[in-house]
Amino acid sequence: MQRQIPWVWLALLGLLLLAPSPAGRVLLDVVGGITLTLLLLPLLLGGLGLIAWQVLRRRLTVCPACGFMSVGAEVCPACGTALGQDSASPGDETQVFGGREVDQEARNVKASSATIDVEVVSSQAIDDEN
């Protein structure tokens, strides 16, 4: 059995909206407020999410050895390196990175002198040697 459309309630609602009475104005204000809230709620939540991400990003600490990001840890959970140790005093000769000691001279090597040159060899030349 189908439900009948409540024409009486719809007519009363239409009369409230059309009639210039205080009840009609209040109903329009409430409906307008709910509509405005539903339209602006995604923008508000997106802004709050962006602010929360910025605050979280400032609290993240990056491990100098492995690059793992953690919040509020003194030791890297991935490799065990002390996170506050990358800003050591100039008198220190060795530092621990990734669980091994690295002296200051090894850290100051230029990348151009540490690059490995690779020679390209065709597969045919390799087959000729065998």
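When the scattering of the range 1-75 is computed by the Debye formula from its Cα atoms alone, each counted once and equally, what is log10 I(q)/I(0) at q = 0.15, 0.18, 0.19, 0.27 Å⁻¹?
The Debye formula, applied to the Cα set alone, gives -0.75, -0.88, -0.91, -1.13.
If I model a spin label as a point 7 Å beyond the Cα along the Cα-Cβ vector, how far apart are those points for A114 and W7 in nm?
The modelled label-to-label distance comes out at 8.6 nm.
Can you tell me how much longer the chain between L45 and L15 gets when fully stretched, taken as 0.36 nm per residue apart minus their C-alpha distance, in nm with one decimal?
7.2 nm
Of the peptides 74-83, 52-61, how do they stack up when ordered by the mean number of other Cβ atoms within 10 Å, highest first?
74-83, 52-61
L44: accessible area at probe 1.4 Å, nearest 10 Å²?
Only protein atoms counted, so the area is about 100 Å².
The values are calculated or read from the model by the stated rules, or taken from the named source; none is laboratory data. What you see is a predicted model; the values in this text were computed from it and never measured. Counting neighbours? That spans all protein chains shown, and the Cβs are built from the backbone with ideal geometry, glycine included. To get the accessible areas, we keep the full protein, side chains included, count just its heavy atoms, and leave off ligands, DNA and RNA. Shrake-Rupley method; radii C 1.70, N 1.55, O 1.52, S 1.80 Å.
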